[in-house]
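Notes follow once the structure below has been shown.
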Amino acid sequence: MDLNNKLYKKFETISHSADLRFKVFGDDLKDIFQNAVLLLALTSVVELPLKLNIKKELTIDALDKESLLVDFLNEILTKMQVNKAVYPEAQIISLNENKISAVIFGAPINRFKEEVKAVTYYRVKIKKNKEGLFETDLLFDI
Amino acid sequence: MNKKNFIKINNYLWEIPMSFRPDMRVPARIYASENLLKEIEPEAIEQIINVASLPGIVNYSLAMPDCHTGYGFVIGGVAATRYPEGIISPGGIGYDQNCGCRLLLSNYTEKEIKPYLDKLAAEIQKEVPSGLGRGRTTKLSIEQINKILEGGVPYLVEQGYGEKDDVENCEEKGKMEEADAFCVSETAKNRGRDQVGTLGSGNHFCEIQKVNEIFDEKAAKVFGLFKDQVVLMIHTGSRGLGHQNCTDYLRIVIPACSKYGIKLPDRELACVPFNSSEGQRFFKAMSAACNFAWSNRQMITYYIRIAWKKVLGFSTESELKLLYDVAHNIAKIEEHEVGPIRESEISNGASGQKMKLIVHRKGATRALPAGYSGVSEKYQSVGQPVLIPGSMGTASYVLVGADKSKEAWHTVCHGAGRAMSRQQAIRTLSGEEIIRDLKNRGIVVKCHSLRSIAEEASEAYKNVHEVVEVVHQTGLSKKVAELTPLAVIKGE
C-alpha cells in the first residue's frame, strides 16, 4: 500500500532527518486511532498478513486523547515485539478522551521490515483541520 | 531564527543568548563550523533552545557539530542539571538507552585479512543476528535478565563470556552501580529475553575496518593502534528492553510533571526532579538498561570472537582485544567544574567550583582527558579513547579526550549526524547502486535489506571529516586515527 496515496489518505509522511514522521487523518477520533494502528503495522512489515488469526483485548487509561493515542500504540508495539506479530486492525469498543477499550487483530510474522523503537509524544496534537478532518502528527523512533 | 540571532564565540562555537526567548534559563551553544551551522535544521535549533528552558540546567544547553532534529531533545545534545534537585528526563537520553560503540583490535593487517574478508563477514553476520527476524535461539529467563541488569559486563565476564580487559576498557567498567532490576518492568524484561547479542536495525552495524591514518603516534601506541591494522566496530544499544523502559517511564514522568510544577514546550521533554521518587526510580531503571546495553555489546563481542576464530584459527594471533566501549545515550552523575562561564570572567582569572551534576548525553560521547578518574589505568597517560562511527562507506575516527572538553562537560560528538530524511534517502538513492559502488571500492556488504542500505547511505549524513575537525580544532578532543571500512555487516 502506498502511504501517500491521496485517494486513500489515512496518513502522509512528513520529512524528519532521523526518524519516521507522519500526519494521520480521520473522520473522527476513532478513525484516527484505527488509521494509526494500520500505519504502525505498515511501517513494521513488508507485507500485511491476509489472515488475522490473533485477537487481543486492550484497555488503556491516559491523561488526555493525545497520550491515549500514543500509549495505545505503544501497547500494541510491545505486543508486536514480544509475540513477533503484527496487528493492523483495531475494533474499538469504547473511546473517550481518557480511556479506550479495543480488540486488536493480527498475525504472526517471520520478520520485521523496520524495528520501531517507540511511538513518541513529540508534537502529537489531535485537532480538526480546515477540511473538517481530524489530524495529528505522529513520530516513530526507529 | 537566522544567523543574526547567533553570537559568534569563535570559528567553531556559536551562542543563542538567553534574551532570545523568555523561558530560556541559560544560553544555548552550538559547536559547529560556519558551514555545518548552516546545515542545522531550524527545528533542531528550536529543540536546543527548548532544552535551555529545563529546570536546574547549568551553564548552557549544548549541541555538538553532528546535531540534528530529534523528538524533544535534539540528537547531539548535552544538558547538565544541578544535583540532586535538578531534573532528570527520559527524553534527554532517548529510547535507546546506552546506545553506544565499541572497537575491537586484531593483530592482523589489511593485507593478511583480505583473503578471508568475505568469509569473516558472512560468519559474523550469521553469529550476530539483527533480531528483526529470529532473535537469538536461546531465550534467557527473567532471573538471568535480572543478573545482567544488575551485573552488566563484569557478570558476563565471570560467566566466561569475556576477559578481564573487557571490563577495564568499558565506560563505567560495564556496570552502573545504581542499577536496580526491580525498577524495570516485566514487559521490558520480556522484550529483552532473546535480544542479548543482537544488533537491531537502523544505523546499527558491525564493521570490519582498517586503520587508514594515524594522527597522534603517542596515543595510538598506548591504544594499541597501528597503520593498516584490522579492527572491528560495533554500534548498537539496549534493544527492546531499553526502548520499553523509556516508554514505561515516560508514562510515569509525563503525569508527574504537573505535580512538580514543571511546564514544558513539548511532552518528550517530560522530566522530574532527580531526587523525587519518580526520578530515583527512573535513574535506577535507566542504569539497569545501560548495563543491559553494555552486556549486549559484550555478547556480540563474544560471538564475533567465535566467528573470528572459526575462520582464522584458534591461535593467540586471532585474539580480538577491546580498545574501548563508550555510551552515547545516557545520564550520569558526574563531578565537573562549574563556572565561571563568561569569557570576561575567565580572562579575569575567576576559577570554577567542583560540583556534582546530572549530565544528559543524547547522541553525544563522554571524552575524559588524561589523568581523570574514570579513565582506564591503561589510558591514564593520554586520555579516554573516543569512538566516532562514520556513515556507511566513509570513515570512522578514534579520538582522545582533551582538557578543553571540560567546557562541554567532557563531551564530544557521536557520529556524522543525519542530513537527509530516511524517506528522501529511499526516494533518491538506490540500494543496489550503493552496494555496487561499495563493492567497486573493495568493501564487502552483508545486509538483508536494500532499503536500509539506501537509508544509511553516506549521502544521507553530514561529512564526518568536517564534524570531527570541529571537535579537534576546538580542542574538545584530538584525532588519533582514521578508520576506513573493509566490510559492512547489518545482521541477518
Exercise. Counting Lys and Arg as +1 and Asp and Glu as -1, each charge on the Cβ, what is the dipole of the protein assembly as shown about the Cα centre in debye, to the nearest 20?
Worked result: 600
Exercise. Say the dipole of chain B comes from +1 at the beta carbon of Lys and Arg and -1 at that of Asp and Glu; which of B:Pro273, B:His448, B:Trp294 then lies farthest toward its positive end?
Worked result: B:His448
Exercise. Which trypsin sites (Lys or Arg not before Pro) in the stretch B:234-310 pass both tests, a DSSP loop state and at most 16 other beta-carbon atoms within 10 Å?
Worked result: B:Lys263
Exercise. Among the aspartates and glutamates, which fall within straight-line cross-link reach of A:Lys51, defined as a Cα-Cα distance under 16 Å, with same-chain neighbours fewer than 8 residues apart omitted?
Worked result: A:Glu89
Exercise. How big is the shadow of the Cα convex hull of chain B, averaged over all directions, in nm²?
Worked result: 21.4
Seminar exercise, completed: Any lysines whose Cα falls less than 22 Å from that of B:Lys4, other than same-chain ones fewer than 8 residues away, would be B:Lys38
Exercise. For a paramagnetic label modelled at 7 Å from the Cα of B:Leu450 toward its Cβ, which residues of the stretch B:398-436 fall within the zone defined by backbone nitrogen distances under 11 Å?
Worked result: B:430-436
Problem set entry | Label-point separation, B:Glu377 to B:Thr316 (7 Å along Cα→Cβ), nm | 2.0
For this session: State which entries of A:Lys56/B:Lys446; B:Lys126/B:Lys332; B:Lys147/B:Lys221; B:Lys378/B:Lys406 exceed 31 angstrom in Cα-Cα distance in the structure shown.
Result: A:Lys56/B:Lys446; B:Lys126/B:Lys332; B:Lys147/B:Lys221
For this session: Treating only the Cβ atoms of Lys and Arg (+1) and Asp and Glu (-1) as charged, compute the dipole magnitude of chain A about its Cα centre; round to the nearest 20 debye.
Result: 220
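By the gyration tensor of its Cα atoms, with a ≥ b ≥ c the square roots of the eigenvalues, what is the shape of chain A: rounded for a/c under 1.5, prolate for a/b over b/c, or oblate?
The shape class here is rounded.
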Seminar exercise, completed: Residue by residue through the stretch B:43-58, the couplings from Karplus 6.51 cos²θ - 1.76 cosθ + 1.60 with θ = phi - 60°, in Hz, x for Gly and Pro, are 5, 5, 5, 4, 5, 5, 5, 4, 5, 5, 9, 6, x, x, 5, 10
For this session: Evaluate the charge dipole of the stretch B:211-361 about its Cα centre and quote only its size in Debye, nearest 20, assuming +1 on the Cβ of each Lys and Arg and -1 on the Cβ of each Asp and Glu.
Result: 600
Problem set entry | FRET efficiency, 1/(1 + (r/R0)^6) with R0 41 Å, evaluated for B:Ile142 and B:Thr394 via beta carbons | 0.50
Seminar exercise, completed: Relative contact order of chain B (C-alpha contacts under 8 Å, at least 6 apart) in percent is 22
Problem set entry | For B:Leu54, distant residues with modelled amide H under 5 Å away | B:Arg25
For this session: Taking the Cα atoms of the stretch B:257-416, report the difference between the largest and smallest coordinate on each principal axis, in whole Å and largest first.
Result: 60, 42, 31
Exercise. Can you work out the FRET efficiency for the pair B:Ser430 and B:Asp118, with r the C-beta to C-beta distance and R0 = 22 Å, to the nearest 0.05?
Worked result: 0.45
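Once you have a ≥ b ≥ c as the square roots of the Cα gyration tensor eigenvalues for the stretch A:36-75, tell me rounded if a/c is under 1.5, and otherwise prolate or oblate according to whether a/b is larger than b/c. Provide the component values of the computation, followed by the final result.
Values: a/c = 4.01, a/b = 1.75, b/c = 2.29.
Oblate, because a/c is 1.5 or more while a/b does not exceed b/c.
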Exercise. What percent does the relative contact order of the stretch A:25-136 come to when contacts are Cα pairs within less than 8 Å and at least six residues apart?
Worked result: 36
Seminar exercise, completed: Note, the stretch B:187-193: 3J(HN,Hα) by Karplus (6.51, -1.76, 1.60, θ = phi - 60°), whole Hz, Gly/Pro = x, goes 4, 4, 4, 4, 5, x, 4
For this session: Could you tell me which of B:Ser106, B:Gly86, B:Val26 has its Cα farthest along the dipole of the protein assembly as shown towards the positive end, charges placed at Cβ (Lys, Arg +1; Asp, Glu -1), taken about the Cα centre?
Result: B:Ser106
Seminar exercise, completed: For the stretch B:225-236, in residue order, the Karplus 3J(HN,Hα) values (coefficients 6.51, -1.76, 1.60; θ = phi - 60°; whole Hz; Gly and Pro = x) are 9, 9, 4, 6, 5, 8, 10, 10, 10, 10, 10, 6
Exercise. Among the lysines, which fall within straight-line cross-link reach of A:Lys55, defined as a Cα-Cα distance under 25 Å, with same-chain neighbours fewer than 8 residues apart omitted?
Worked result: A:Lys10, A:Lys30, A:Lys65, A:Lys79, A:Lys84, A:Lys99, A:Lys113, A:Lys117, B:Lys139, B:Lys189
For this session: Please name whichever of B:Cys206, B:Tyr60, B:Ile426 sits farthest to the positive end of the charge dipole of the protein assembly as shown, dipole taken about the Cα centre and charges placed at Cβ: Lys and Arg +1, Asp and Glu -1.
Result: B:Ile426
Exercise. Could you give the semi-axes, largest first, of the ellipsoid that matches the protein assembly as shown, computed as the square roots of 5 times the alpha carbon gyration tensor eigenvalues and rounded to whole Å?
Worked result: 35, 31, 24
Exercise. Under a 5 Å amide H to amide H cut-off, with H placed in plane at 1.01 Å, what residues pair with B:Ser238 once short-range neighbours are removed?
Worked result: B:Gln97, B:Cys99
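Just so you know, all these numbers are worked out from the coordinates, no wet-lab data involved. Predicted, not measured: the structure shown is a model, and the values here were computed from it. Every residue, glycine among them, receives a Cβ derived from its backbone with ideal geometry; neighbour counts consider all protein chains shown.
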